[in-house]
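Taking it in order: structure first as structure tokens, then the write-up.
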Amino acid sequence: MEPEGILEVYSPRADIVDEATWRRLRPHVIPAVAKALPRSSSTTQNRLAFVTRYLQWCEANGTPLDPELIWTEDRIEAYLVTAEDPSVSTYRSHLRTVAKANAPSSVIWNVNPETFPRNQNRNFYSADQVRRLFRLVEQQATARRTFVLSATLHLGLAFGLRAGEMLKLCQDDVFEDDGLVVCRADGRLVPARMAYAEGVLEVVRSTDDDRVFGDHLLPVRTHEDIFKDVEFPRYLPRATPGLLRNTWMVDVLSEGRLTLPEFYEVPGLRSGSALDWAVPHLPLREETYLHRAAGEPG
């Protein structure tokens with residue numbers, strides 16, 4: 001089939017882009033690729049797939065599908081940071097070709113693009129990734145998957161709970177006390193981060209069972225068992241209790257309000273080495289830390 005014919009019949013794999021999303025993206029994908037149509041049929045197929053995934057990422061990140069906003073160097077490089085495919089250079093080549101054919105004249109392109117670093121931190125989620133993970137909650141195919149993802153995100157980011165602690169958590173373990181939403185986990189009390197406190201209460205109160213994730217779960221079941229069907233697009237990392245817990249730790253430690261013994265008590269840490277990974281990611285107040293270390297009031 002000729003490249004022009006492929007444009008007419010192309011549709012992405014259903015496991016990557018659902019039908020409703022493709023209906024929204026198609027009026028943007030097909031004309032964009034048509035302006036930079038390859039001579040090869042196989043290359044056309046690949047280019048359509050790459051552009052579809054890119055526009056899907058733009059839409060998921062709240063970027064209007066306006067040529068002036070999506071066909072820019074910075075936007076494409078930001079997307080390539082998230083690409084899991086090892087052939088990032090191939091992605092870049094296709095997207096830059098399409099972008100140059102579609103970008104308004106006001107958009108400036110460099111001959112040698114300044115690429116975004118690919119060695120992103122893998123120990124915790126950035127604020128942007130957290131926002132995108134929460135957007136996925138309402139995009140799940142079933143009410144159960146919606147609940148499981150919402151509960152996991154809230155319990156991980158509010159309390160820093162481990163996977164096993166999430167699974168064992170009961171409604172009665174979460175309560176309000178002295179203006180705080182508090183969780184009882186493995187004999188310790190953990191206050192919810194205020195940004196997530198209201199969401200935690202909504203999640204806990206929305207289940208009819210004693211256990212937050214359901215009384216039907218057998219003791220041998222793991223959080224991974226109930227989480228495996230939650231849907232994540234290729235352009236986002238999966239949410240895991242471990243990384244959510246790490247994100248919670250960085251959030252708390254960055255405020256600098258707790259002494260180390262106080263902090264250890266809240267998440268139930270037993271070893272200082274458990275925080276070695278976090279130190280490079282905590283803020284350093286360069287203008288005052290020497291004076292504070294000397295004992296000056298401040």
* Structure fact -> With x for Gly and Pro, the residue-by-residue ³J(HN,Hα) of segment 2-19, computed from phi through the Karplus equation 6.51 cos²θ - 1.76 cosθ + 1.60 at θ = phi - 60° and given in whole Hz, is 6, x, 4, x, 5, 4, 6, 10, 5, 8, x, 4, 5, 7, 9, 10, 6, 4
* Check the straight Cα-Cα distances from residue 168 and name the lysines below 30 Å, setting aside those fewer than 8 residues away within the same chain. => 228
* Structure fact -> Listed residues 36, 143, 103; largest mean-square fluctuation, Gaussian network over the chain with Cα springs below 10 Å, found at 143
* Structure fact -> Residues whose modelled amide H sits under 5 Å from the amide H of residue 182, counting only those 5 or more places away in sequence or on another chain, are 175, 176, 177, 192
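Would you list 190, 252 from fewest to most Cβ contacts within 10 Å?
On the way: 190 24, 252 17.
Ascending number of Cβ neighbours within 10 Å: 252, 190.
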* Structure fact -> The ³J(HN,Hα) series, computed from each phi in segment 39-48 with the Karplus coefficients 6.51, -1.76 and 1.60 at θ = phi - 60°, rounded to the nearest Hz and given as x for glycine or proline, is 7, 8, 5, 5, 5, 4, 4, 5, 5, 4
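For the chain, what's the relative contact order in percent, using C-alpha pairs closer than 8 Å and at least 6 residues apart? Kindly include the intermediate steps, with their values, before the conclusion.
On the way: 290 pairs, mean separation 48.3, N = 298.
For the chain, the relative contact order is 16 percent.
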* **Hydrodynamic radius of the chain per Kirkwood, over alpha carbon pairs, in Å** => 22.2 Å
* Please find the FRET efficiency linking residue 35 to residue 60, where r is the Cβ-Cβ separation and R0 is fixed at 22 Å, and quote it to the nearest 0.05. => 0.40
* Structure fact -> Among 294, 158, 279, the residue whose Cα sits farthest towards the positive end of the charge dipole of the chain (+1 at Cβ of Lys and Arg, -1 at Cβ of Asp and Glu, taken about the Cα centre) is 279
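Set the Förster distance to 22 Å, then compute FRET efficiency between residue 13 and residue 222 from the Cβ-Cβ distance, nearest 0.05.
On the way: r = 29 Å, r/R0 = 1.34.
So, using R0 = 22 Å, E works out to roughly 0.15.
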* **For residue 189, distant residues with modelled amide H under 5 Å away** => none
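All of the numbers you see were taken from the coordinates with simple rules; none came from a lab. This structure is a prediction, so every number in the text was calculated from the model and none was measured. Counting neighbours? That spans all protein chains shown, and the Cβs are built from the backbone with ideal geometry, glycine included.
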